[in-house]
Amino acid sequence: MVCVLPGSSGNVIIVGAHFDHVSKGDGVVDNWSGASLLPSLYQATKFEPRRHSYIFVGFTDEETGEVGSHFYAGKMSKEEVAATDAMVNMDTLGLAAPKVWTTHSDKRLSSALVYIGKQLNVPVTGVNVEQVGSADSVQFAKRKIPSITIHSLTQETWNAHILHTPKDKFSAIRLDDYYQTYKLVTAYLVFLDQAAGSTATSSSP
């Protein structure tokens, strides 16, 4: 599922989240939490003029090998890749304050997210979750597109065995943290629109 919010230039920022889930549990955390933000982010950013076109994408079959993102990234032309300044992936939000998967994220995009978090008083820390598997952002990183994965897993929530179990339901979401993540990502997209590709090429925001 793809929705484009046009900008004034030919440059693009892709914002994605997978909407499939495993059979155990309701899939609210993994990944209704990410997919449901896509229309909200569209609404939050549509009123202000923007240079970049935001392409909001709901990916299918992430749980069976990132099929949707693999297909989308693989079909991008060289020109489309060159015009894409960032890919922002949201996966498993609302369990805690927002985190960034640093080993699966562009360093400068990660630094920019931390910077925006400080401006909003929303703490952003790096938490790597290789034990979970992979993420849709990887398919874009393979095409040399600067990519970032935003999530909310901590060691505590991982030990609670919420993902891929019957515990993955609405009651697992911490609504205050989820709302803070929404505010953070909205401001982050606006910042990227103003800064990218300088964000992708400079060492600091």
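All of the numbers you see were taken from the coordinates with simple rules; none came from a lab. All figures in this text were calculated on a predicted structure; none of them were measured in a lab. Quick reminder, even Gly has a Cβ in these numbers, built from the backbone with ideal geometry, and neighbours come from all protein chains shown.
Couple of notes before you dig in:
- Considering residues of region 40-69 that are out of contact with any Phe, Trp or Tyr (no Cβ under 9 Å at 6 or more places or on another chain) and in a helix (DSSP H, G or I) only, the residue farthest from residue 195 (Cα to Cα): 64
- Out of 125, 157, 103, one residue alone is β-branched (Val, Ile, Thr) and surrounded by 14 or more Cβ atoms within 10 Å (Cβ to Cβ). It is 157.
- Selected residue [in contact (Cβ under 8 Å) with a residue 60 or more places away in the chain, out of contact with any Pro (no Cβ under 7 Å at 6 or more places or on another chain), closer than 20 Å to residue 25 by Cα and of a type in the set (Asp, Glu)] from 136, 168: 168
- The residue that is surrounded by the most Cβ atoms within 10 Å (Cβ to Cβ), among those in region 1-39 that are among the hydroxyl-bearing types (Ser, Thr, Tyr) and within 20 Å of residue 137 (Cβ to Cβ), is 33.
- Conditions (1) touching a residue at least 60 places away in the same chain (Cβ under 8 Å); (2) closer than 17 Å to residue 189 by Cβ; (3) in a helix (DSSP H, G or I); number of the one not met by residue 81: (2)
- Just one of the numbered conditions (1) of a type in the set (A, V, I, L, M, F, W, C); (2) surrounded by fewer than 17 Cβ atoms within 10 Å (Cβ to Cβ); (3) within 15 Å of residue 149 (Cα to Cα) is not true of residue 87: (2).
Yes/no matrix, rows are residues, columns are (1) β-branched (Val, Ile, Thr); (2) within 19 Å of residue 33 (Cβ to Cβ):
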residue	(1), (2)
114	yes, no
122	yes, yes
134	no, yes
140	no, no
149	yes, yes
